[in-house]
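Heads up: the structure comes next, in structure tokens.
The values are calculated or read from the model by the stated rules, or taken from the named source; none is laboratory data. Treat the numbers as computed from the prediction; the structure is a model and nothing was measured. Cβ: placed from backbone, ideal geometry, glycine included. Neighbour counts: every protein chain shown.
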Amino acid sequence: MTYIQILYDVADGIATITINRPEKMNAFTRTMIKEMTDAFDRIDADDNVRAVVVTGAGNRAFCAGADLTPEDGKKPFASEDPVEDYSDPRVRDGGGLLILRIYQCLKPVIGAINGAAVGVGATMLLPMDMRLASKSARFGYVFARRGIAPDGAA
């Protein structure tokens with residue numbers, strides 16, 4: 001898979017995933033979910049990788065949360081198709097799917113937080129094995145102030 005919104009690199013047994021949308025403060029998208037999930041699949045399959053570092057490009061933000069502007073004219077994360085069965089994968093939000101994938105990673109995952117980690121940007125850090133925050137790191141949940149439901153409708 002070719003990555004558009006993340007950078008993926010392996011050096012000296014360490015895989016580095018860089019959320020790479022600094023012009024949007026690394027805001028989270030459906031494309032990013034697919035790319036990061038694929039990267040974690042590659043990491044688990046590569047016996048030469050011993051650990052993973054996840055960071056954000058630039059110094060303003062690790063991840064500023066979900067990008068609420070539509071990609072390709074589509075709704076950002078919602079589907080209007082009804083869900084008949086709660087085992088339907090659409091019941092779990094995309095951020096939740098990525099967070100579950102991080103939790104299931106077979107290698108230690110380190111979050112290197114630079115700048116803001118907001119919403120899903122903060123939530124994705126929770127299943128990581130270790131979190132290292134720069135002096136400029138800030139964490140927050142602003143759902144109520146934005147009038148939107150929290151990650152996973154929690």
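Among the residues of the range 32-40, is there at least one that is surrounded by 15 or more Cβ atoms within 10 Å (Cβ to Cβ), closer than 17 Å to GLY121 by Cβ and among the small types (Gly, Ala, Ser)?
yes
If GLY111 satisfies all but one of (1) surrounded by 11 or more Cβ atoms within 10 Å (Cβ to Cβ); (2) modelled with pLDDT under 70; (3) not β-branched (Val, Ile, Thr), what's the number of the condition it fails?
Among (1) surrounded by 11 or more Cβ atoms within 10 Å (Cβ to Cβ); (2) modelled with pLDDT under 70; (3) not β-branched (Val, Ile, Thr), the lone unmet condition for GLY111 is (2).
Within the range 13-51, which residues are touching a strand residue (DSSP E or B) at 6+ places or on another chain (Cβ under 8 Å), within 16 Å of ILE99 (Cβ to Cβ) and part of a helix (DSSP H, G or I)?
Answer for the range 13-51, where residues must be touching a strand residue (DSSP E or B) at 6+ places or on another chain (Cβ under 8 Å), within 16 Å of ILE99 (Cβ to Cβ) and part of a helix (DSSP H, G or I): MET32, GLU35, MET36, ALA39, PHE40, ILE43.
Consider the range 21-31. How many of its residues are under 18 Å from ASN59 (Cβ atoms) and surrounded by fewer than 19 Cβ atoms within 10 Å (Cβ to Cβ)?
Counting residues in the range 21-31 that are under 18 Å from ASN59 (Cβ atoms) and surrounded by fewer than 19 Cβ atoms within 10 Å (Cβ to Cβ) gives 3.
Could you tell me how many of the residues in the range 102-125 are over 21 Å from ARG21 (Cβ atoms) and outside any helix (DSSP H, G or I)?
Final tally of qualifying residues: 4.
List the residue pairs whose Cβ atoms are under 9 Å apart, where the first residue sits in the range 1-17 and is at pLDDT 95 or above, the second is small (Gly, Ala, Ser) and part of a strand (DSSP E or B), and the two are 6 or more positions apart or on different chains.
TYR8/ALA15; ASP9/ALA15; GLY13/ALA51; ILE14/ALA51; ALA15/ALA51; THR16/ALA112
Pairs needed: first member in the range 87-105, modelled with pLDDT under 90; second member anywhere, surrounded by fewer than 12 Cβ atoms within 10 Å (Cβ to Cβ); C-beta distance under 8 Å; at least 6 residues apart or different chains.
ARG90/SER79; ARG90/ASP81; ARG90/VAL83; VAL91/VAL83; ASP93/ALA153; LEU97/PRO89
Given the conditions (1) part of a helix (DSSP H, G or I); (2) among the aliphatic types (A, V, I, L, M); (3) modelled with pLDDT under 95, and given that LEU68 satisfies all but one, which numbered condition is not satisfied?
It fails just one condition, (1).
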